[in-house]
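The values are calculated or read from the model by the stated rules, or taken from the named source; none is laboratory data. Bear in mind the structure is a predicted one, so any value in this text is a computation, not a measurement. Every residue, glycine as well, gets a Cβ built from its backbone with ideal geometry; the counts of neighbours run over all protein chains shown. The accessibility values were calculated without ligands, DNA or RNA, using every heavy atom of the protein model including side chains. Shrake-Rupley method; radii C 1.70, N 1.55, O 1.52, S 1.80 Å.
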Amino acid sequence: MFVFKPHPHFFPSATGFSAVAAALLFVFAAQPGQAQGTHLWTQSRIDEFEKGTPQGVSISSDGHLREGPGLTEMLTTPSTFVWSVAAGKNGETYVGTASPATVLRIDKNGNPFTLFETKDVSVQAIRLEGEYLYAATLPSGKVYQLRADAATKQDESTATVVFDMGKLDEDKPADSKSPEKIADAKAGEQKDSAKTDGKSHYIWDMIFDAKGRLYIATGDPGAIYRVRTESAPAGKPGVFFKSDEAHIRCIAWDGKGNLLAGSDGSGLVYRIDSEGKGYVLFEAPRREITSLAVGANGTIYAASVGDKTHNPLPPLPIQGQGSITITVVQQPGSLQAANTSVSVPEGSEIYALTEGQAPRRLWTGKDEIVYSLAAQKDGLLALTGNRGHIFKIADNGDYADIAHLDAQQGLSLASFPEDAGTILIGTGNTGKLVRLGAIEKHEYAGDVLDAGALARFGRIEVEPGSSGYELLTRSGNVEQPVRGWSDWQPLKDGASASPAGRFFEWKAVLHPGGTLGSVGVNYLPVNSAPVLDDLVVVTGARINPQTLAQNLPGGTPPTVNITFPSAGQGAIAFDGTSSASLQALKDRTAITVRWAAHDDNGDDLIYSLYLRGDGETVWRLLKDQVTDKAYSFDATLIPDGGYQIKVVASDSPSHTPADALTGDKISERFEVDTTPPVVIGLKATGDASPRVTLEAEDAFSPIAHAEYSLDAGPWQFIGPVGELSDSRQEHYDFHLPAKSIEDKPGEHLITVRVYDRHDNVGVAKAVFTVPAK
């Protein structure tokens, strides 16, 4: 079945279409199943364009293709996830990975060096501050201080731990007592807890303030800790802010020096002043705030995911590099979604919070989960999973899909201090480092059209107002273009120059400033002849074409089942209909023909039935203009004998007479026998053991069997002389049992009936007298 998708842009007055003609074409195109004539296949909406392959092309929400940034793969890591990215001042890049958990340093030339390795599951966040790099791990809940320029690999035993959730005194506020005294007083207790603490600890995000203090967002509990990294390499932590939420997922600075925090549980956005006092700016309809970003005008952007009523994803079992298997159960749904590589069913929402205005929903993604946001001059950048799409969102809600990652998730981003226009992206499934920036090539390959059959391709219709582009096309007869398609060819006089084929694809090359709207492909399927897939003839069964619907399950129980010889139980025929038994009524005087057929073009079919007897050379029309796939007729209309039936399928309802094609199939030989056999010369002698003789003869088929009844008694089988019943003429000679007429003198009646192979029956009777003793 083909569905036409006309677009209103295809009917401007300049094309010569009148409004009436356009309306008629729209009505015609909206009717499914109309296989004849020229088809128009279009791509015009963003969801349709997203099925294609963009390279340096942005797909806008208004259904237009424009120049966009390109993706350059810098490194594929051995890990599954790159959860955090940091960019150095000298062009080097740092990434924090998971499965396995490492910190990699990548130089300008793309050469990686393992700066840090841990037995933890994940390096969840990394931040640069001066000559040091800070790495937060999960589920140990530690922050390590690393020399960013170290020449040798560091590990848990050589790196400095500046924060450890397993050794915190959470009841003491920041700076309330001497950190040294607290550390000395609790040293023994902390040492014991380190041995026995088996729970998971979560560090989700980190950020520095202008004084070099490190703020650490944690989960279980949902809190923010502050570490004085400027006073000593192992500065003492304190609780800066604590909430009643399960997790603080992300933190950022606003334009006034307040710390912003997003939570998991109730989906809260906090504003926290310098004293650690929090105020809830916004409660999202969703349960988790995955990322925060602040625009140049002070607008706060918050990405939210998840259903508050339940967590739809199961606990995540994770195998670390060590010998211990842990199960992380109290973690945000976005992390679970990334690890299980499934989309959150409820999608994502991004809200804009502007001072003095009500919160407004800026963007909704039905299939995406937003992992990271970045506010830029020309819009908000959103990294998403689990399809790996990158979106640019304008302040008025318009958006564009600007790039497709070769990974399931875009997880983290950063930019070089001297080049804010180039974005570094960390991905998940698989863990890669990718650069998003300007490129020279801007091409888009559309979705592949499957015409369903061999087709010719004609003019390519483009939305008026499109400019600065070049179109090319290619075609083939297998679904994958790499398996022998034609080469890309430019249009010739606005039409495709590609050869006929079943599959078709177009490609647009955008020039500077180019834009391309809806694209429509005109194509004409080359007519294919109908195919008769199966055919069966059943004698002694009747189906009334007008009551076929009554013979469906739930109707009157049938006495005859008509089944295709090649069909198994519950099989599906080539035409998509069930090929299971068709229920029919038992009728000796009827013959039923049933067939299955299909047409590769989806054309409507009409059928004609022809009959030919043994020894004949001419097919004689039995019935034409049949639209059902079963037909019954009276067997008494034709003489006894052997026959075959030919069914001819025609696609003439969908084509002109000159273009219509046919296909046919001939049945196996079947026999028609409606004439009963004849009983000749039935005689019975009347004595103590009466003798009965008779001849049985049939005009067409062999005699199958015979039986007799004495004085209307039960029927008794009798065999012919020679016992083998295999001829159209058989002789019978037998004696009645003496005990059957013993002490019964007088007149008796014997009745004989003879059956041929088709269950036609001939009957005869005779009277004989048994004398008295």
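Things to note:
- Using the Karplus relation 6.51 cos²θ - 1.76 cosθ + 1.60 with θ = phi - 60°, the per-residue 3J(HN,Hα) values for region 95-100 come to 10, x, 10, 9, 6, x Hz, with x marking Gly and Pro.
- Among the listed pairs 366/507; 89/142; 51/507; 51/377, those beyond 18 Å (Cα-Cα): 366/507; 89/142; 51/377
- The coefficient of translational diffusion for region 606-653, derived via Stokes-Einstein from the alpha carbon Kirkwood radius under 25 °C and 0.890 mPa s, stands at 209 µm²/s.
- Note that region 250-267 has calculated 3J(HN,Hα) couplings of 8, 9, 7, 8, 8, x, 10, x, 8, 8, 9, 9, x, 10, 10, x, 10, x Hz, one per residue in order, obtained from phi through the Karplus relation 6.51 cos²θ - 1.76 cosθ + 1.60 (θ = phi - 60°); glycine and proline are x.
- Kirkwood Rh in Å, taken over region 686-759 so that all alpha-carbon pairs contribute: 13.2 Å
- Expressed in Å, the radius of gyration and Dmax of the Cα atoms of region 329-461 are 17.9, 62.
- Net lengthening on full extension, residue 273/residue 107 (0.36 nm per residue, minus Cα-Cα): 56.0 nm
- Which of 750, 725, 762, positive extreme of dipole for region 720-773 (C-beta unit charges): 750
- A simple rule links phi to the HN-Hα coupling: the Karplus curve 6.51 cos²θ - 1.76 cosθ + 1.60 with θ = phi - 60°, which for region 141-151 gives x, 10, 10, 9, 9, 10, 6, 4, 9, 4, 8 Hz, with x for Gly and Pro.
- Region 421-464 - charge dipole about Cα centre, Lys and Arg +1 at Cβ, Asp and Glu -1, debye rounded to 20: 220 debye
- Sulfur and carbon atoms: percent of accessible area, region 41-109 [1.4 Å]: 45 percent
- On the principal axes of its alpha carbon atoms, region 99-151 extends 32, 24, 16 Å, with the longest extent given first.
- Per-pair calculated FRET efficiency, R0 = 45 Å: residue 661 and residue 733 via Cβ, rounded to 0.05: 0.10
- At 0.890 mPa s and 25 °C, Stokes D of region 332-388 from Kirkwood alpha-carbon radius, µm² per second: 198 µm²/s
- Surface accessible to a 1.4 Å probe, per residue, for the residues of region 113-169, Å²: 37 Å²
- Carbon plus sulfur fraction of accessible area for region 590-643, probe 1.4 Å, in percent: 44 percent
- Note on region 606-756: Rg/Rh from C-alpha atoms, Kirkwood Rh, equals 1.27.
- Inter-label distance for residue 244 and residue 529, nm, one decimal - labels placed 7 Å from Cα along Cα-to-Cβ: 8.0 nm
- Residue 364 versus residue 489: modelled label distance in nm, points set 7 Å from Cα along the beta carbon direction: 4.6 nm
- Once the Cα-Cα distance is subtracted from the 0.36 nm per residue extended length, the residue 147 to residue 726 segment shows a gain of 198.1 nm.
- Mean accessible surface per residue for region 375-428, computed with a 1.4 Å probe while every protein chain stays in place, in Å²: 35 Å²
- For residue 496, the residues whose amide H sits under 5 Å from its own are 458, 459, 460, ignoring neighbours fewer than 5 places away on the same chain, with H placed 1.01 Å from N.
- Extent of region 386-436 along its three principal axes (Cα atoms, max minus min coordinate, largest first): 33, 30, 12 Å.
- Set of region 425-455 residues, backbone N closer than 11 Å to the point 7 Å along the Cα-Cβ line of residue 53: 444-448
- The calculated FRET efficiency for the pair residue 119 and residue 45, based on their C-beta separation and a Förster distance of 45 Å, comes to about 0.40.
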